[in-house]
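Student: First, the structure itself, so that you have it in front of you.
None of the figures in this text is laboratory data; all of them are computed from the coordinates on show. Just so it is clear, the model here is predicted, and its values are computed rather than measured. Note that we place each Cβ from the backbone using ideal geometry, even for glycine, and neighbour counts take in every protein chain shown.
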Amino acid sequence: MNTEHIRNGMPAADLGPDGWRKPWSDNGGSCLEARKLPGGRIALRQGADPNSPALILEPDEIRAFVDGAKAGLADDLLT
């Protein structure tokens, strides 16, 4: 896969069907899916709509988000 053309907002389906997983759900019901891309970047998509726009994050960005969520820094977004 040529990573030059991977960009935020591209249809997630353009990244192909393989490798997507639901890492944040204990029961498999998560609607957010993630896929590791060449070069270590991570793509996120809405699982219910594979043609939804992909959000592409660098490893340090996803790590900061997950660490912040674990620390409760996003709790107010859920209320």
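Student: Quick one: which of 43-53, 6-16, 67-77 comes out on top by average Cβ neighbours within 10 Å, and what's the full order, highest first?
Tutor: Most protected by this proxy first, the peptides run 43-53, 6-16, 67-77.
Student: Simple spin-label model, 7 Å along Cα-to-Cβ: residue 7 to residue 41 in nm?
Tutor: With each label placed 7 Å out from Cα toward Cβ, I get 1.0 nm.
Student: Which length gain, in nm to one decimal place, applies between residue 48 and residue 22 when the Cα-Cα distance is subtracted from 0.36 nm times their residue separation?
Tutor: 8.2 nm is the gain from fully extending residue 48 to residue 22.
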